[in-house]
Structures are given as structure tokens and as C-alpha cells.
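Contents: one structure, followed by commentary.
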2 protein chains.
Amino acid sequence: MTPQTIKVACSNCNLRELCMPVGLLPSELDRIDDIVATRRKVKRRETLFHSGERFTSLYAIRTGVFKTRVATEDGRDQVTGFQMAGEIIGLDGIVNDHHTCDAVALEDSEVCVMPFDRIEELSREITSLQRHVHQIMSREIVREHGVMLLLGGMRAEERLAAFLLNLVQRLHARGFSRSELVLRMTREEIGSYLGLKLETVSRTLSKFVTDGIIEVDNRHVRIVEPGALHHIVTPAVC
Amino acid sequence: MTPQTIKVACSNCNLRELCMPVGLLPSELDRIDDIVATRRKVKRRETLFHSGERFTSLYAIRTGVFKTRVATEDGRDQVTGFQMAGEIIGLDGIVNDHHTCDAVALEDSEVCVMPFDRIEELSREITSLQRHVHQIMSREIVREHGVMLLLGGMRAEERLAAFLLNLVQRLHARGFSRSELVLRMTREEIGSYLGLKLETVSRTLSKFVTDGIIEVDNRHVRIVEPGALHHIVTPAVC
DNA sequence: CGGAGGGTTGACCTTCCTCAATTATTGTGG
DNA sequence: CCACAATAATTGAGGAAGGTCAACCCTCCG
């Protein structure tokens, strides 16, 4: 390591407004730097952790996109989420000291490894970190409520519209376009997440194109009529 | 309050093996008693908290059963869970200081009110409490993964079989029968939770009865062939 | 250039939903 | 305590949404 090596640190990370350090004072920021023990690169299709593996750390995504999935013995699986830069994964492992889902990189990615006992140690001292950890877990619970609403009651068009709006909103929060996005996942993975078959995802996207709501070129999607998507998710309140 | 009044306390609560005090030393138990500020009775159909309300406390269920539900503007709603004695509700409120779901009592119930800032305060001092709070939240995340699997990929019979097995297993952990249960919720509420219409719930229960897997007398269910239910949830692994 | 993985589209079928009628149960006021 | 209303549950018939199976195309790579 040369003296010029940029220190692995939250304090100079451009994701600090989205990630672990949210709401911390500068003095506290220095201390949270200690949490990030190492970084780890994960290549496309590789897993960051998998079900059954011992839980040691939470991971903050620095670059790239992941999917998390749970599986049953009989081979079915369900994508439980797609995570991008600044988001925290691994929370499932806390309860039984073992992960209960897989995290798979959808593109070459990098994460910050945050040993959980260090997080607990530090959050005993830094109140705002403690609060933030609680908020991250609560946010995940609330997000999953939203997915349950989607899976439990919405029709295919509604699910897909909600999915696209959610993705583009999160990308926009990261400085990307409000109307264009590149899907990092296959139609099958989208379908698994939304409780649909890949053919239905494909057909529904085609229908949106026909209706002039979006433009699709393979993985590239342009949202032409965001209002129409919103309208599909929230039918007219007459 | 007469001297004979039983103190509101975890240390003499018969749910302490299931609830907040799990894994605490006797000396720590005394301190956690301070968390439980008050108890609160909630009558059937009344809400413990509702969406939009300011978040102040977590609630440990002492007696009774609750449902939690999220709602959309256009009137649809989704039951996100059924909670019983020893379980903690209110975690959804942490992230934005406001609740995002309703908690409704399905029968006359009583909860222990645990102000969240007291929990945070104490869990800075008591490591095992800190860990336990994290586990409770992680458990909820993992539970919701299971619901997503159910909603995303299973058919009606599988959903209902999984539901019955889950209920009876939790009741058994509380000292009730391994094979008999009383449904505290309507067919419609079950349907909402499972992403099915009430007619489908009713029909599927009837089919289980015809197949000799269960016996149903209105809200009372007797599981005659638990193996068959398991087999429905996990199709033969050939 | 050729193969594998990913995506689209069509035809048909299954599952579950919708609508409706009927019965059972629970709750309430006289 | 009974009668009646309101709520909950069952069951049937018909229909719609999405699944299944299959053929075909595209595109990205080695």
C-alpha cells in the first residue's frame, strides 16, 4: 500500500448519504470507518453468501446490483429483492447466526464487509448509529410489507408497473435518469420476484410498449409515460 | 394499588421464554422490567395502532391475537401477519417514526407497552438485550421471506397447508394442542394474508375435509393427517 | 461462426376469481 | 331469553388471468 492509497473509509465514500453513515456527525464518521473491515469484490453470478452459511457480517453495496433469493427443498425459489449501491444486505442472518437466503451478484460488484459484532459494539456507544441500524432493519420490514401487498393482491400489469417505478425511483436517488433504466436482471428473475412466469413478464412489457407507456430494447427500458404507470398501480380513486 | 398487586414485570411473566426477556440473566431481567411501562387492553376489532400514527413503542402481546395489515389509497388491503402471545409488534414504525400498518385485535387482548427509546437506552447497556432486539427484527424479515415464497410461488392448497401448519406449530410452542386449533380470523382475513379470495379459502378447506386431512367445524380445525399437509407443502422430493 | 442463454409470441389449459344463492353463526335490543 | 339483523361461511356456475408448452428469434461471446 502506497501512501496515496485511498483509505477504505465511509468518510470519503460518495454513498455516505445513502448508506450506513446516514445521520452521523463528522466525529462519529471517523469511528464508523473502523467498522468497514474490508472490501470484497463479487463477480457476476457469484454469491456473496448463501443459505446455511454462518453469519458474520452485514454488507454495504458499493457498486453493482445483487438479488437475494430463498429456496425450498423441492427446488422452487423466490427472489426476495434486488439491491443496489448503498443498500445493506445480510440482515436475514442475524436471527439464527446463519444466512437463510442467497445473495447473488447480477453484475460485477463490490461490497463493504461490516462484521456484525463490531456494528453492535459501536452502536452501543454511538446512539445515532444504533438508531440507524434499527431503521435499516425496520425499512426492510416495511419494504417487504409492500412486496406482500404486491404479491397478494395485484395483477400482472400492476406488479410490473410498481416494479419499474420502484427501480427507476431508486436509481434516480443515485443520480441516474428519472426515465431510463437498464434492467440488471433477466425476465425470469423479475418474474420470480413478482410472482409471475417469465412469459407473463415479457408479454406485459410488450403490452406496455404497445400502449406507448414504455420503450424496451432488450434490457434497456425508457419510461415514456410515467403517469400511466402510476395510474396502473393506483387505479383511479373515483 | 394494594401491596398484593402483582407487579407488571417480565420476571414473573409466564411468556418470558418466548418474548422479550429471552436469553437474559436474572440480574438483567430485573432491569428489563423497567421497560414495560404499562399494559394496555385492546378489545376485539379495536386497533392497537394504525397507519400514520406516531411511533413510540413496541408492543409485546400478553394475551390474544392480532392481525397487521397494510392498505393502499384505493382501498385494497393486505394482511401482513397474525401475531400471538409473546410476539412483538410495531417494528414497522421505527424507520420513519410513524406506523405504516394497522394492528387490529382479533379477540380481546392485552399487550405490554415498551417505549422504544427505553429499549434503545437499555440495549446500549445490556448486550444480550441488544442482540435480542436485533434477532426479533431479523426474525420478522425472515418470516416475511417465507410469506413471499408462499405468495410468489405456491398454489392455493399449498398456501393453506403451510398456513395451518405454521399456526398449529406456534400454538403448540405455547402449550396448545399439536393437532387442534381455533382460527381467530375469518376466511376473508386468511385469504387476504394468503393472497386468495375467501371463497377459495373455504373451498380449499372443504377439499381438505373431503380428503380426510382435517376436520372443520366453523372456526375449529382438527388436523387429522399432519403428514398429508406437509406433503402438500413439500411435494415429493423424488 | 456457432452455440448457449435470454427473450418473444402463439395456442391451449388450469387455477382461481367473480357473481350469486343459500345456510350458519354471532351479536343485539326488546 | 328470544327474535331478528348483521356477519360469516359454503357451494355452484361461468369466466378471466395467468400458466404451460412449444416454436422461433435475437444477441452476446468465445
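The values are calculated or read from the model by the stated rules, or taken from the named source; none is laboratory data. In this text the structure is predicted, and so the values were computed from the model without any measurement. Using ideal geometry, Cβ is built from the backbone for each residue, glycine included, and neighbour counts are taken over all protein chains shown. All accessible areas refer to the heavy atoms of the entire protein, side chains included, with ligands and DNA or RNA removed. Shrake-Rupley method; radii C 1.70, N 1.55, O 1.52, S 1.80 Å.
Things to note:
- Percent accessible area from carbon and sulfur atoms, region A:26-150, protein chains only, probe 1.4 Å: 47 percent
- Rolling a 1.4 angstrom probe over the protein heavy atoms with all chains in place gives the protein assembly as shown an accessible area of 47 Å² per residue.
- Normalising the average separation of contacting C-alpha pairs (under 8 angstrom, six or more residues apart) by the number of residues puts the relative contact order of region B:85-185 at 20 percent.
- Shown is the FRET efficiency for A:Val209 and A:Glu110, computed with R0 = 41 Å from the Cβ-Cβ distance and rounded to the nearest 0.05: 0.75.
- Karplus 3J(HN,Hα) series, Hz, for region A:48-63 with 6.51 cos²θ - 1.76 cosθ + 1.60 (x for Gly, Pro): 7, 8, 9, 3, x, 5, 5, 8, 10, 9, 8, 10, 9, 6, 8, 9
- The H on the amide N of B:His98, modeled in the peptide plane, is under 5 Å from the matching H of B:Phe55, each at least 5 residues off or on a different chain.
- Computed on protein heavy atoms with a 1.4 Å probe, the accessible areas place A:Arg44, A:Arg16, B:Arg54 in the order B:Arg54, A:Arg44, A:Arg16, largest first.
- Here the 3J(HN,Hα) profile of region A:105-122, calculated from phi with Karplus coefficients 6.51, -1.76 and 1.60 at θ = phi - 60°, is 6, 8, 7, 4, 9, 9, 10, 8, 8, 10, x, 5, 5, 5, 4, 5, 4, 5 Hz, Gly and Pro shown as x.
- Positive-end extreme of charge dipole, the protein assembly as shown - chosen from A:Leu25, A:Val216, B:Leu24 (charges on Cβ): A:Val216
- Within region B:1-87, GluC sites (Glu not before Pro) in DSSP loop having at most 16 other beta-carbon neighbours inside 10 Å: B:Glu17, B:Glu46, B:Glu53, B:Glu73
- Total lysine pairs under 24 Å (Cα atoms) in the protein assembly as shown, excluding pairs fewer than 8 apart on one chain: 13
- Other-copy label distances relative to A:Glu225, 7 angstrom Cα-Cβ extension, nm: 5.2
- Value of Rg to Rh for region A:103-152 (Rh from inverse mean 1/r over Cα pairs, i.e. Kirkwood): 1.11
- Exercise: per-residue mean of other protein chain Cβ atoms within 10 Å, B:208-219: 0
- Most mobile listed residue (B:Leu149, B:Leu122, B:Leu198) in chain B, GNM with C-alpha springs under 10 Å: B:Leu149
- Gained length - B:Asn12 relative to B:His230, 0.36 nm times residue gap less alpha-carbon distance: 74.8 nm
- Per-copy distances of the B:Glu17 label point, shortest first, in nm (7 angstrom along Cα→Cβ): 5.2
- Dipole magnitude (debye, nearest 20) for the protein assembly as shown, charges at Cβ of Lys, Arg, Asp, Glu: 340 debye
- Region B:177-238 - percent of accessible surface contributed by carbon and sulfur, probe 1.4 Å: 51 percent
- About its Cα centre, the dipole of region B:155-233 is roughly 220 debye, where the only charges are +1 on Lys and Arg Cβ and -1 on Asp and Glu Cβ.
- Chains B and A, summed buried accessible surface - 1.4 Å probe, Å², nearest 100: 4400 Å²
- Normalising the average separation of contacting C-alpha pairs (under 8 angstrom, six or more residues apart) by the number of residues puts the relative contact order of chain A at 18 percent.
- C-alpha center-to-center spacing [region B:38-107, region B:165-199] in angstrom: 18 Å
- Position B:Thr127, label points 7 Å along Cα→Cβ, spacing to each other copy in nm (shortest first, one decimal): 2.3
- Comparing A:Val216, A:Val36, A:Val95 in a Gaussian network model of chain A where C-alpha atoms under 10 Å apart are linked, the largest mean-square fluctuation is found at A:Val95.
- Note on B:Tyr193: accessible area is roughly 30 Å² with a 1.4 Å probe, heavy atoms of protein only.
- Cβ-based net charge around B:Met114, under 12 Å, with every Lys or Arg adding one and every Asp or Glu removing one: -1
- In this view, the solvent-accessible surface of B:Arg131, computed with a 1.4 Å probe and all protein chains in place, comes to about 70 Å².
- Placed amide H near A:Ser109: partners under 5 Å, 5+ positions off or other chain: A:Val42, A:Lys43, A:Arg44
- Modelled label positions at B:Thr63 and A:Gln135, each set 7 Å beyond Cα in the direction of Cβ, lie 3.9 nm from each other.
- Two-decimal Rg/Rh across region B:63-194, once Rg and the Kirkwood Rh are taken from alpha-carbon atoms: 0.97
- The heavy atoms of B:Arg139 offer some 120 square angstrom of accessible surface to a 1.4 angstrom probe.
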